[in-house]
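Every number in this text was worked out from the coordinates using simple rules, so none of it is lab data. Quick caveat, the model's predicted, so the values are computed rather than measured. Backbone-built Cβ (ideal geometry, glycine too); neighbour counts: all protein chains shown.
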Amino acid sequence: MPGKFTAITTYLKWSDLEMAAQGNPKLSTFKKVKKLTLILLLLISTTCWGEWTKVAEGTSGTDWYIDFERIKKTGEYVYYWVMMDTSEPDVGGYISNMRYEMGDCEMFRKKTLQTMAYRHSMGEGEALSIPESALPEHGWNYPPLDSPVEWILKAACGQ
């Protein structure tokens, strides 16, 4: 009966169901379900990241964090989330960014898979997704010695 369900959802609106619920005790739970759905959507849509651990402080007032709870190792690669939080906005007005990176612990190199920029500290607010190809360092990169990038890759690799 998928056809009938599709037709019902296409022609009925929330307001139509609310009006029907007012006069019908069987549909009175509709309002409760609607409220619960809206609350759940709000909770899910807010920024919900794991526990960020500060790994490094850069010389320019940038703090570097890693989420140890979400490190995943598959084969020879490790996948992890990094966050940079700056004291001053960049040229585009962004204060923090989160990157999903893939690390090669044997060759000690990393590749950024996804970047999201935020106008507020610690990844708060609306995210701007930046494609990997738009990043100046897309592809595999070897971290500079004694840098926050090196320390984060070491932490992700468990070194």
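What the table shows:
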read-out	value
Loop-resident sites, region 62-129, for chymotrypsin sites (Phe, Trp or Tyr not before Pro), counting at most 16 other Cβ within 10 Å (DSSP)	108
Label point distance in nm, residue 146-residue 111, each placed 7 Å from Cα along Cα→Cβ	3.1 nm
Value of relative contact order over region 53-157, rounded to a whole percent, pairs C-alpha under 8 Å and six or more apart	24 percent
q = 0.18, 0.19 Å⁻¹, region 53-157: log10 I(q)/I(0) [Debye, one scatterer per Cα]	-0.86, -0.97
Amide H partners (placed H, <5 Å) of residue 105, local residues excluded	78
